[in-house]
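A.B. asks: Dropping the structure in here first, questions after.
The values are calculated or read from the model by the stated rules, or taken from the named source; none is laboratory data. Being a predicted model, the structure only gives us computed values, none of them experimental. When we count neighbours, we look across all protein chains shown, and the Cβ atoms used for this are built from the backbone with ideal geometry, even at glycine.
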Amino acid sequence: MANNQQPRDSFGTKLGIIAAAAGSAIGLGNIWKFPYITGVFGGGAFLVVYLICIALIGLPVMLAEFIIGRRGQKNAIGSFKALAGDSKWYLSGTMGIASAFMILSFYGVVAGWTLDYVIKSLTNTFAGLSPDEIGGVFGGLVSSTWTPIAWQILFMILTGFIVVAGIKDGIEKYAKILMPILLVILLILDIRAITLPGASKGLNFLFKPDFSKLSVEAVLSALGHAFFSLSLGMGTMITYASYINKKENLGITALQVTIADTAIALLAGVAIFPAVFAFGVEPSAGPGLVFITLPNVFQQMPGGYFFGILFFSLLSVAALTSSISILEVVVAYFSEELDFDRKKATILATVAITIVGIPASLSMGIMSDLQIFGLNFFDTLDYISANILLPLGGLIISVFVGWRLGRNNVRDEVTSGGKYKAGYIPVFLILTKVVAPIAIAIVFLNGILG
Ligand code: PFF
């Protein structure tokens, strides 16, 4: 994708663009991380802050990345260089490489768990187990040494293979079919969850905000997760947008991807929180939340055996369409800066990221004593990338489009040279110039210093 010597590729269809960008955005962030951090930070109030971050910061930053990528016609670093010459703006792309590296290290570990759960579902491991015992199965998996690492390695190999082969004819084609199926499964799970006894407690937890529970840390995490979930702040959407046809309407595309991503997160929340209360799981149970609550739900529904298999298979696919977009950022950098061919770059990046992921996996077992500022290695990678690097990257991207690129370039790009109306431009410019940078800076400084 990022090979500059070859004529630039582009997405064939409108649906292809949405599938690729939404495929990157929709992943473990929506179904694994969103419910678990919403649980940790107390529910409704966190959700409100998250939605505000999505609307006021996430959506404009996504459009900003689209503008940079399609106008620059290059990867995350190259696009800044193309648009801003020799100035230092491209360094935000370099920071993006670091984020990508860290995120994929722990993302591969969680994706490995989903693969393991496909097999556990196939072999009916959860049949007849109590909620506590189901929790024990999860605890047993993540704290063991070799099994999660083996799955993580397998997942990373799959990711590497797809990135080498190119995504257009492979994963993208399947994602277009599989993503809608995931949506349907989630809807079915939602219906089962909200008809469980005591479901209203879970829905209240999710939708009735109690702002007294809101901490500074929660606000920083909501902001960080908005970036993580929408795949923003590290150049993924810049890279993808460089393949979007000049004729496409960028504003509408950004809106569609943002809505799809948020809807899936909400549907996951609705599937999980009623079950949390119905089965007596702690909402703040942490990374195991989805892996503990949903097998309980599957036990309680007709055809649950098949739904379980299908759900975890599709979750693995959703993870894969995201992980390839993360790996692509690193591979593009390696192949250009180090002049490796694409295959070498992919192997190098995949191996390095997998190696860093191994201690992340072990930090839930034999390496749990290794704590950095009170966090284990897994949580440290997550915290630094999502809560620090992505918002910082988003701030720079926002300022770049608002102040450096300027109104005329923005207008020309979002209207495709006058083809589309874009009455929202003044609002977009206020958001990127002032609102997003100031909001990110405030949340960020509070979160880091406070
Ligand atoms: N957005 C993905 C998810 O929610 O699972 C994760 C991700 C992908 C983060 C790509 C960042 C990124 F650039």
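A.B. asks: Under 9 Å between Cβ atoms, at least 6 apart or on separate chains: pull out the pairs that start in region 223-246 with a residue that is under 10 Å from residue 65 (Cβ atoms) and end on any residue that is near the ligand (Cβ under 10 Å from one of its atoms) and assigned to a loop (DSSP other than H, G, I, E, B).
C.D. replies: Short answer, once both residue conditions are applied: 231/27; 237/230; 237/231; 240/231.
A.B. asks: Sticking with this one: Mind counting the residues in region 405-450 that are part of a helix (DSSP H, G or I) and within 28 Å of the chain's Cα centre (by Cα)?
C.D. replies: 28
A.B. asks: Please tell me if residue 59 is within 18 Å of residue 224 (Cβ to Cβ) and either touching a residue at least 60 places away in the same chain (Cβ under 8 Å) or not in a helix (DSSP H, G or I) (or both).
C.D. replies: When the stated conditions are applied, residue 59 passes them.
Residues checked against (1) of a type outside the set (A, V, I, L, M); (2) surrounded by fewer than 24 Cβ atoms within 10 Å (Cβ to Cβ); (3) farther than 27 Å from residue 200 by Cα; (4) away from the ligand (no atom under 11 Å from the Cβ):
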site: 26; (1), (2), (3), (4): no, no, no, no
site: 36; (1), (2), (3), (4): yes, yes, no, yes
site: 46; (1), (2), (3), (4): yes, no, no, yes
site: 56; (1), (2), (3), (4): no, yes, yes, yes
site: 61; (1), (2), (3), (4): no, no, yes, yes
site: 72; (1), (2), (3), (4): yes, yes, yes, yes
site: 82; (1), (2), (3), (4): no, yes, yes, yes
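A.B. asks: Another one. Any idea which of 162, 149 is aliphatic (A, V, I, L, M), modelled with pLDDT of 95 or more and in contact with a helix residue (DSSP H, G or I) (Cβ under 6 Å, 6 or more places away or on another chain)?
C.D. replies: 149
A.B. asks: Could you grab me the full set of residues in region 124-138 that are farther than 16 Å from residue 300 by Cβ and exposed (fewer than 15 other Cβ atoms within 10 Å of the Cβ)?
C.D. replies: 136
A.B. asks: As an exercise: evaluate residue 374 against (1) free of Cβ contacts under 8 Å to residues at least 12 places away in the same chain; (2) within 16 Å of the ligand (Cβ to nearest atom) and give the number of the one condition it does not meet.
C.D. replies: So residue 374 meets the others, but not (2).
A.B. asks: Spot the failing condition for residue 184; the list is (1) part of a helix (DSSP H, G or I); (2) surrounded by 13 or more Cβ atoms within 10 Å (Cβ to Cβ), and only one is missed.
C.D. replies: (2)
A.B. asks: Would you confirm, using the coordinates I've provided, whether residue 297 is part of a helix (DSSP H, G or I), crowded, with 20+ Cβ neighbours inside 10 Å and in contact (Cβ under 8 Å) with a residue 24 or more places away in the chain?
C.D. replies: Yes.
A.B. asks: Identify all residues within region 95-117 that are more than 14 Å from the ligand (Cβ to nearest atom) and touching a residue at least 40 places away in the same chain (Cβ under 8 Å); write none if there are none.
C.D. replies: 112, 115, 117
A.B. asks: For residues that are closer than 13 Å to residue 92 by Cβ and not polar (S, T, N, Q), scanning just region 398-417, find the one that is surrounded by the fewest Cβ atoms within 10 Å (Cβ to Cβ).
C.D. replies: Looking at residues that are closer than 13 Å to residue 92 by Cβ and not polar (S, T, N, Q), I get 404.
A.B. asks: Here is a follow-up. Report, by residue number, each residue of region 215-253 that is part of a loop (DSSP other than H, G, I, E, B) and away from the ligand (no atom under 16 Å from the Cβ).
C.D. replies: Selection gives 215, 244, 245, 246, 247, 248, 249.
A.B. asks: Are there any pairs with C-beta distances below 7 angstrom linking a residue in region 62-89 that is under 10 Å from residue 238 (Cα atoms) to a residue that is surrounded by fewer than 17 Cβ atoms within 10 Å (Cβ to Cβ) and small (Gly, Ala, Ser), with the two at least 6 apart or on different chains, and if so which?
C.D. replies: So the pair list comes out as 72/82; 73/82; 74/82.
A.B. asks: Any idea which of (1) more than 12 Å from the ligand (Cβ to nearest atom); (2) assigned to a helix (DSSP H, G or I) is the one residue 323 doesn't satisfy?
C.D. replies: Only one criterion in (1) more than 12 Å from the ligand (Cβ to nearest atom); (2) assigned to a helix (DSSP H, G or I) is unmet by residue 323, namely (1).
A.B. asks: Right, next: When only residues in region 101-123 that are of a type outside the set (A, V, I, L, M) and touching a Phe, Trp or Tyr at 6+ places or on another chain (Cβ under 6 Å) count, which is surrounded by the most Cβ atoms within 10 Å (Cβ to Cβ)? Explain how you work it out, then say what you get.
C.D. replies: So the first thing to find is which residues in region 101-123 are of a type outside the set (A, V, I, L, M), and the list is 101, 105-108, 112-114, 116-117, 120-121, 123.
Add one more test, that the residue is touching a Phe, Trp or Tyr at 6+ places or on another chain (Cβ under 6 Å), and what stays is 106, 108, 112, 114, 116-117, 121.
Numbers: 106: 26, 108: 29, 112: 26, 114: 25, 116: 25, 117: 27, 121: 23.
That would be 108.
A.B. asks: Let me ask you something else. Is it the case, given these coordinates, that residue 361 is more than 16 Å from the ligand (Cβ to nearest atom), surrounded by 24 or more Cβ atoms within 10 Å (Cβ to Cβ), in a helix (DSSP H, G or I) and not β-branched (Val, Ile, Thr)? Break it down stepwise before answering.
C.D. replies: Details: more than 16 Å from the ligand (Cβ to nearest atom): yes; surrounded by 24 or more Cβ atoms within 10 Å (Cβ to Cβ): yes; in a helix (DSSP H, G or I): yes; not β-branched (Val, Ile, Thr): yes.
The answer is yes for residue 361.
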